[in-house]
1. Across the range 77-83, in residue order, what do the Karplus-derived ³J(HN,Hα) couplings come to in whole Hz, using 6.51 cos²θ - 1.76 cosθ + 1.60 with θ = phi - 60° and x for Gly and Pro?
2. Whose amide H sits under 5 Å from the amide H of residue 105, counting only residues 5 or more places off or on another chain, with H placed in the peptide plane?
3. Would you mind checking which residues have amide H under 5 Å from residue 100's amide H? H placed 1.01 Å from N; only 5 or more apart, or other chain.
4. Within 11 Å, Cβ to Cβ, of residue 145, how many net charges do the neighbouring residues add up to if Lys/Arg are +1 and Asp/Glu are -1?
5. Working out 0.36 nm times the residue gap between residue 183 and residue 39, then minus their Cα-Cα distance, what length gain in nm do you get to one decimal?
6. Between residue 338 and residue 291, what FRET efficiency follows from the Cβ-Cβ distance if R0 is 35 Å, with the result rounded to 0.05?
7. Suppose R0 equals 45 Å. What FRET efficiency, 1/(1 + (r/R0)^6) with r the Cβ-Cβ distance, do residue 247 and residue 98 give to the nearest 0.05?
8. Show log10 I(q)/I(0) for the range 247-362 at q = 0.11, 0.16, 0.19 Å⁻¹, two decimals, from a solvent-free Debye sum over equal Cα scatterers.
Amino acid sequence: MYYETAEKLLTFIRKSPTAFHAVDTMKNILAEQGFQELFEKDYWKLIPGGQYMVTRNNSALIAFSIPENAPRRFHIMASHSDSPTFKIKENPEITVEKAYVKLNVEKYGGMLMSPWFDRPLSVAGRVIVSEKGEIKEKLVDIDRDLLMIPSLAIHMNREVNSGYAYNPQKDLLPLYGTAGTEETFGKTLAEAAGVREEDILSHDLFLYSRTRGAVWGAEKEFVSAGRLDDLQCAFASMEGLLSGEKKKSIAVHCVMDNEEVGSGTKQGAASTFLKDTLLRINSGLGRTYEEYLMSLADSFMISADNAHALHPNYTDMTDPVNRPLLNKGIVIKYNANQKYCTDAVSAAIFKDICTRAEVPFQTFVNRSDMAGGSTLGNISNTQVPVNTVDIGLPQLAMHSPYETAGVKDTYSLIKAAELFFE
């Protein structure tokens, strides 16, 4: 079961090179399971027993299931669709010494830069096109090895292994082709989108690693791929939603965008997307605003964003006693300064969920002399104040284009999500 789940996860990640593709992949899976798509610009007609989904910006998605008895409380599991990468700039082609063509890119999110060198890359995202007098959006994935960011030889920088400060404008621009090529980037992009080059008005395009995900290790105990943070949690949340009975609460699978750059967008955790959706569910069931506030007081959210595992080469970077391990279960994340919103009550509730689901759990707290990152929970709570626990799955090499996790842990989170949504 662990390996089947891991392979299913890798297939999901392979189909999801960008946040736009991750949302599209989830939409297709949910539609096959009977979820009806709603649109924010339309009236919603909701009925008890119905299953629905709505997107914003085509990079964030909320799916929800209303039981026949239409209970008051919401059970929400939130994750995010984006990962650190490089975004293609406007007018991206740069010709170098009449010999090469490279693409102009900028950093998206806080990434490890060195692992991006010397591996096959490609481009995916969305293009906005003019088609028969209308402006339309098209997903695009140039599904072949297209780019490379070549390292500088050791002979030309003999101190590189002693530490080097990478300049993203100079060191991280990917090589596309030779100067004078007829296969311009614009032409390649248009062919992948199935449109004429002159019809492309704008784009949101990102680099992604072409290195395929793998299950490996002495006993095949590890799984590695790009974008495990946070598609591993988004996948587990969706699988739990689909397999849970969803009879005692309104089950909400929430996947936000732009967590890696602070969530402060219309489709991020700081936006009104979740709040607007919950309010429309509330009003669609004929309830008052006061009843909405009563619902929030009786609701619970799991904020699911991956966690740092104990590193085999850097054990001193981990708290002396809270040391998450791969394949040892879901990680409950704590922070005194509220970078994570776990408290004693929400932790106890989640531990009970894990115990009843018969899956292991463990804890993460940063070293007291090291600052940690934040995640969706505390940001989302500014719009939707519900009792929330911050959790994640343990992983190594977070924010690398090729990350590593435990082969058992995705299954554990699916089982916990399944029980939560029951």
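Every read-out reported here was derived from the displayed coordinates using simple, explicitly stated rules and does not represent laboratory data. These figures come from a predicted structure and were not determined experimentally. As a convention, Cβ positions derive from the backbone with ideal geometry for all residues, glycine included, and neighbour counts pool all protein chains shown.
1. 10, 10, 9, 9, 9, 9, 9
2. 89
3. Under 5 Å from the amide H of residue 100 lie the amide H atoms of 179, each far enough along the sequence or on another chain.
4. Details: positive: 119, 144, 210; negative: 143.
Its environment carries a net charge of +2.
5. Details: separation 144, 0.36 × 144 = 51.84 nm, distance 3.83 nm.
Result for the pair: 48.0 nm of gain on full extension.
6. Working: r = 29 Å, r/R0 = 0.82.
Given R0 = 35 Å and the Cβ-Cβ separation, E is 0.75.
7. Values: r = 68 Å, r/R0 = 1.51.
My answer for the efficiency is 0.10.
8. Result of the Debye calculation: -0.52, -1.00, -1.25.
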